[in-house]
Amino acid sequence: MRLQTHDPEFASRVRVSFAKQHAMALIRAALPVVEPGCTEIHVPHWEGIEQQHGFVHGGVVGMIADSAAGYAAMTLVAADVSVLTVEYKLNLVAPADGDKLIARGKVVRPGRTLIVTQAEVFAVKDGKETLCALMQQ
């Protein structure tokens with residue numbers, strides 16, 4: 001399904017919004033992919049975001065999944081429209097154990113008032129991606 005954006009400057013607008021999220025800077029997140037209906041957030045694995053077993057904390061996993069999916073939605077709306085999460089369901093399916101995490105957000109159904117999105121979070125270790133979380137919002 002080809003998704004239609006309502007703002008030709010969507011990528012710039014999404015990147016400006018991402019830069020305003022101090023929480024993303026706090027965890028050293030980057031936004032390397034911004035395309036109509038999908039985005040990616042990358043986070044390096046470092047001691048400051050680990051839980052007691054040395055994995056990336058589930059809260060950080062949820063944080064990047066939420067933002068990746070939310071920004072995927074933002075790519076499709078008009079420039080004067082805001083996007084806010086109203087709810088999400090997160091399944092942690094494997095430990096977030098890798099050199100970095102990649103959260104891939106995508107739009108499942110673009111609606112007028114609600115946009116249904118999904119995110120998958122992968123732990124990357126030695127170049128191999130392992131799914132560690134699934135989110136629907």
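The values are calculated or read from the model by the stated rules, or taken from the named source; none is laboratory data. As the structure is a computational prediction, the values presented were derived from the model and not from experiment. Neighbour counts are summed over all protein chains in view; Cβ atoms, including those assigned to glycine, are modelled from backbone coordinates with ideal geometry. SASA here: full protein model, heavy atoms, side chains in, ligands and nucleic acids out. Shrake-Rupley method; radii C 1.70, N 1.55, O 1.52, S 1.80 Å.
Name the single residue, out of those in segment 49-67 being touching a residue at least 12 places away in the same chain (Cβ under 8 Å) and small (G, A, S), that is surrounded by the fewest Cβ atoms within 10 Å (Cβ to Cβ).
Looking at the filtered set, the residue picked out is G54.
Name the residue, out of T75, T39, that is of a type in the set (S, T, Y) and within 11 Å of the chain's Cα centre (by Cα).
T39
Among the residues in segment 11-33, are any open to solvent by 70 Å² or more (accessible area, probe 1.4 Å), more than 15 Å from the chain's Cα centre (by Cα) and small (G, A, S)?
No, there is no match, as no residue in segment 11-33 is open to solvent by 70 Å² or more (accessible area, probe 1.4 Å), more than 15 Å from the chain's Cα centre (by Cα) and small (G, A, S).
Report whether or not G54 is at pLDDT below 95, in a loop (DSSP other than H, G, I, E, B) and among the small types (G, A, S).
No; evaluated as a whole, the condition is false for this residue.
Within segment 55-74, is there a residue that is hydroxyl-bearing (S, T, Y) and within 22 Å of P8 (Cα to Cα)?
Looking for residues that are hydroxyl-bearing (S, T, Y) and within 22 Å of P8 (Cα to Cα), one finds at least one in segment 55-74, hence yes.
Which one is nearest to A30 (Cα to Cα), of the residues in segment 100-137 that are acidic (D, E) and surrounded by 12 or more Cβ atoms within 10 Å (Cβ to Cβ)?
My answer is E120.
Do we find a residue being in contact with a Pro (Cβ under 8 Å, 6 or more places away or on another chain), part of a loop (DSSP other than H, G, I, E, B) and not aromatic (F, W, Y) anywhere in segment 17-24?
Within segment 17-24, none of the residues are in contact with a Pro (Cβ under 8 Å, 6 or more places away or on another chain), part of a loop (DSSP other than H, G, I, E, B) and not aromatic (F, W, Y).
Yes or no: V86 over 17 Å from the mean Cα position of the chain (by Cα), farther than 22 Å from Q51 by Cα and outside any strand (DSSP E or B)?
So V86 does not fit the description; no.
Conditions (1) β-branched (V, I, T); (2) at pLDDT below 95; (3) closer than 19 Å to E129 by Cβ, marked per residue:
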position: L3; (1), (2), (3): no, yes, no
position: V16; (1), (2), (3): yes, no, no
position: T39; (1), (2), (3): yes, no, yes
position: G70; (1), (2), (3): no, no, no
position: E87; (1), (2), (3): no, no, no
position: K100; (1), (2), (3): no, no, yes
position: R104; (1), (2), (3): no, no, yes
position: R109; (1), (2), (3): no, no, no
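Could we say that F10 is out of contact with any Asp or Glu (no Cβ under 7 Å at 6 or more places or on another chain) and either under 20 Å from L101 (Cβ atoms) or acidic (D, E) (or both) here?
Taking the combined requirement at face value, the residue does not satisfy it.
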